[in-house]
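The values are calculated or read from the model by the stated rules, or taken from the named source; none is laboratory data. Computed from a prediction, not measured in an experiment: that's the story for all the values here. Note: ideal-geometry Cβ built from the backbone for every residue, glycine included; neighbour counts use all protein chains shown. Quick note on the areas: whole protein, heavy atoms, side chains included, nothing else; ligands and nucleic acids left out. Shrake-Rupley method; radii C 1.70, N 1.55, O 1.52, S 1.80 Å.
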Amino acid sequence: MNDKSVLRRTLRRTRASLHPAYRDAVAARLPRLARALIGRGKRLGAYVAAGSELDLTPLMNAALWRGARVFVPSIPRRHRRLWFTEVDGRGRWYREPRYHLWEYHGPRSRAESLDVLFVPLVGVDAHGFRLGQGGGFYDSSLHFRRHRRVGRKPLIVGVAFDCQKVDTVPREPWDVRLDALLTESGLLRFR
């Protein structure tokens, strides 16, 4: 746990040190870099950036414009398995009281119903293992993927800046591997 804490702290500092104009330019390029994933009829899970996370607002807007359905996480009151709420224009945005994250009030689904899920991360290694914030919400929500070989929905795509790549991420038995990584360098699929 100590190694993870040190690595998280270091990577958060590195990510936060990026110039705001650079961060905005990377966010603006994401729709083009992820074009193949955000088409008409797709059910996309995305996150609302917190702190220095890479902002997905341009990607979500492009996906909606192209006819995709966009869902954002909703933290449950108990347990760690996330709900995903559709951003459909009929609901409303609000601040989740415990973590002060933006959530959307509307129709909810589980991760299994999504085609693509864009997940935030603090660090990622070359094998597709991510270092998250430490709450275990995404690993709990995607636990079913560890045992399913057929119908590997959703496609799990980590979103980060290149500076968040590391040689090795400390792993736990319950960690769920990413299928792909989206950074300013493009979309990288893991084998």
Run the Debye formula on the Cα coordinates of the stretch 1-52, all scatterers equal and no solvent, and tell me log10 I(q)/I(0) at q = 0.30 1/Å.
-1.14
Tell me which residues come under 5 Å, amide H to amide H, from Leu121 once H is placed; ignore anything under 5 positions away on its chain.
Val159
Any chance you could run the full-extension gain for Cys163 through Ala21? It's 0.36 nm times the residue separation minus the Cα-Cα distance, nm to one decimal.
49.5 nm
On a 1.4 Å probe surface of the protein chains, which of Leu7, Leu44 comes out largest in accessible area, and what is the full order?
Leu7, Leu44
If you work out Cα extents along the principal axes in Å from the coordinates, which of (i) 47, 38, 29; (ii) 59, 41, 28; (iii) 43, 38, 37 do you get?
(iii)
For the chain: accessible area per residue (Å², 1.4 Å):
53
What is the antiparallel percent of DSSP beta bridges lying wholly in the chain, to the nearest 5?
55
Once the piece of chain linking Arg32 and Arg77 is laid out straight, how much longer is it, given 0.36 nm per residue of separation minus the C-alpha distance between them?
12.6 nm
Can you give me the distance in nm between label points at Ser5 and Arg152, each placed 7 Å from the Cα along the Cα-to-Cβ direction?
3.5
Using Cα-Cα distances under 8 Å and only pairs 6 or more residues apart, what relative contact order does the chain have, in percent?
21
Residues Arg177 and Tyr99, FRET efficiency given R0 of 30 Å [Cβ-Cβ distance, rounded to 0.05]:
0.75
Counting only protein heavy atoms and a 1.4 Å probe, tell me what percentage of the chain's accessible area is made up of carbon and sulfur.
53
Pull up the cross-link candidates among the lysines for Lys4, meaning alpha carbon to alpha carbon under 27 Å and not fewer than 8 places away within one chain.
Lys165
Quick check on the stretch 78-159: of the DSSP beta bridges with both residues there, what percent are antiparallel, nearest 5%?
60
Note on the chain: helices (DSSP H) long enough, at least 18 Å by alpha carbon along their axis, and hydrophobic enough, mean Kyte-Doolittle at least -0.5, are 20-33
With labels modelled as points extended 7 Å from the Cα through the Cβ direction, what inter-label distance (nm, one decimal) is found for Leu64 paired with Arg189?
2.9
